[in-house]
Amino acid sequence: METKVAVIAIVVENRDSVERLNEILHDYADVIIGRLGLPYRARNINIISVVVDAPHDTISALSGKIGSLPGVSAKTAYSGAGE
């Protein structure tokens, strides 16, 4: 199956969602290339970027699950390389 490289940008405004977010990311650990988390204390938010290599449906499912968490938003950018 063809895979894509993508980055999911996540903004966490509700700290109560962090545990569930980490569980979701753990469930998709096999497709995650890397992740970077930055606490922005001045605004009391966390910004996370997650780089994945997976089929489009898998990336969409992951992003959708993350974005459905209370106080969490997620946007995905896909690589066009190899097209």
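The values are calculated or read from the model by the stated rules, or taken from the named source; none is laboratory data. Bear in mind that the values here come from a model prediction, so they are computed numbers and not experimental data. A quick note on method: Cβ atoms are made from the backbone with ideal geometry, for glycine too, and the neighbour counts reach across all protein chains shown. Accessible surface areas use protein heavy atoms only, side chains included; no ligands, DNA or RNA. Shrake-Rupley method; radii C 1.70, N 1.55, O 1.52, S 1.80 Å.
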Mean accessible surface per residue for the chain, computed with a 1.4 Å probe while every protein chain stays in place, in Å²:
64 Å²
Computed for the chain: size of charge dipole around the Cα centre, +1 on C-beta of each Lys and Arg, -1 on C-beta of each Asp and Glu, debye to nearest 20, value 440 debye
Once neighbouring chains are kept in place and the probe is 1.4 Å, which whole percent of the accessible area of the chain is contributed by carbon and sulfur?
52 percent
Please turn the phi angles of segment 47-59 into ³J(HN,Hα) values with the Karplus equation 6.51 cos²θ - 1.76 cosθ + 1.60 (θ = phi - 60°), one per residue in order, whole Hz, x for glycine and proline.
10, 10, 10, 10, 9, 10, 10, 7, x, 3, 4, 5, 5
Of VAL51, ALA29, ALA74, which is farthest along the charge dipole of the chain in the positive direction, counting Lys and Arg as +1 and Asp and Glu as -1 at C-beta?
ALA74
Helix 18-27 axis, angle to the chain major axis (alpha carbon atoms, nearest 10°):
20 degrees
